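In what follows, a structure is listed as structure tokens, so that the remarks can point back to it.
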Amino acid sequence: MPDISLTMVVLLCLAALAAGWIDAVVGGGGLLLLPVLLLGLPAGTPAAHALGTNKAVAIVGTTGAAVTYARKAPVDVRTAVRIGLAALAGSSAGAFFAAGMSTEVLKPVIMVVLLAVAAFVILRPAFGTAPATGPATPRRILAAIGLAGLGIGFYDGLVGPGTGTFLVLALTAVLHLDLVAASATAKIVNCCTNAGALATFAWQGAVLWQLAAVMAVFNLAGGTLGAHTALKKGSGFVRVVLLTVVFALVANLAYEQWLA
């Protein structure tokens, strides 16, 4: 455990709780947890340790949310795992290319895409609120593997922020899922990508395991509570949280691009 005050540990745990809830409902918990870790760890701590610890914490909450959803939501686990394995391959490729590419060039493009997504969701009130239309066709499953798996997985390895939110949107659009079922499926996909990233960080020795273990308990509680909230409140509630997270992501990227 690094030399962190008790007050900071408490703040980190509360952030893990809130991030778990947000991530379970609609994705994007890392937008809260990672910056708090970067600020809370002692000066001079390598950024990789914050990234690795973030993954060690997030995978616990994500798994808890995935289990809760799988028990109570109509989730096609087989399809979700297939997309997740493709996302694992995509994120590995993205991480490989990240070393030689400036993500600063991509951030304005991502902001425009997110604003377009927000406009679409606002102008289409029924998006993601209708019940699923039945089992997805093989063509739609293949499209989901390509877009939500390889495509968004590649983005996760290359840039990262908002991956869970993009997954929810893609799964809703391609597989014609409602937002609750899409969130449930996204959690299973996230488990696969988080596992791959965590294995890499652990191999590099970039995980603060003791701190991660304490924060993971709170992240698990937040993730489980968030899944229960989404299941209880329904797609309309998830839609509101989705728009909130999208605008928060745009603000975060804009700050990093022009003000940081």
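The values are calculated or read from the model by the stated rules, or taken from the named source; none is laboratory data. Just so you know, these numbers come straight off a predicted model, no measurement behind them. FYI the Cβ positions are ideal-geometry reconstructions off the backbone, even for glycines, and counts take in every protein chain you see. Side chains are part of the model used for accessible areas, which takes the heavy atoms of the whole protein and leaves out ligands, DNA and RNA. Shrake-Rupley method; radii C 1.70, N 1.55, O 1.52, S 1.80 Å.
Name the most mobile residue of LEU220, LEU88, LEU32, meaning the one with the largest mean-square fluctuation, in a Gaussian network model of the chain with Cα contacts below 10 Å.
The residue that fluctuates most here is LEU32.
Please identify the DSSP H helices in the chain that span no less than 27 Å along the helix axis (Cα) and have a mean Kyte-Doolittle hydropathy of 0.5 or more.
Length and hydropathy pass: 6-26, 77-98, 179-203, 209-233, 235-254.
Can you check what the net charge comes to around ALA197, using other residues whose Cβ is under 14 Å from the Cβ of ALA197 (Lys, Arg +1; Asp, Glu -1)?
In short, 0.
Using helices alone, I'd like the mean residue ellipticity at 222 nm for the chain: each DSSP H run of four-plus residues gives -39500 (n - 2.57), total over residue count, nearest 500.
For the chain, the value works out to -25500 deg cm²/dmol.
May I ask you to give the solvent-accessible area per residue for the chain, in square angstrom, as obtained with a 1.4 angstrom probe?
46 Å²
Could you point to the residue in HIS176, ALA197, ALA19 farthest towards the positive end of the chain's charge dipole, with +1 and -1 charges on the Cβ of Lys/Arg and Asp/Glu respectively?
HIS176
Under a no-solvent Debye model with one identical scatterer per Cα of the chain, what's log10 I(q)/I(0) at q = 0.09 Å⁻¹?
Rounded to two decimals, the profile gives -0.36.
Tell me the carbon and sulfur percent of the accessible area for the range 138-260, rounded to whole percent, probe radius 1.4 Å.
70 percent
Test of understanding: extend the Cα→C-beta vector of THR137 to 7 Å, then name every residue of the range 72-91 with backbone N under 20 Å from that spot.
76, 79-80, 83
Under a plain spin-label model, where a point goes 7 Å from the Cα along Cα-to-Cβ, how far apart in nm are ALA195 and LEU6?
It works out to 3.9 nm between the two label points.
Can you list residues from other chains, or at least 5 along the same chain, whose modelled amide H is less than 5 Å from the amide H of LEU208?
The answer is THR53.
Given the whole protein assembly as supplied and a 1.4 Å probe, what does the accessible area of HIS49 come to in Å², nearest 10?
40 Å²
What dipole magnitude, in Debye to the nearest 20, does the chain give about its Cα centre under +1 on Lys/Arg Cβ and -1 on Asp/Glu Cβ?
For the chain, the charge dipole is close to 780 debye.
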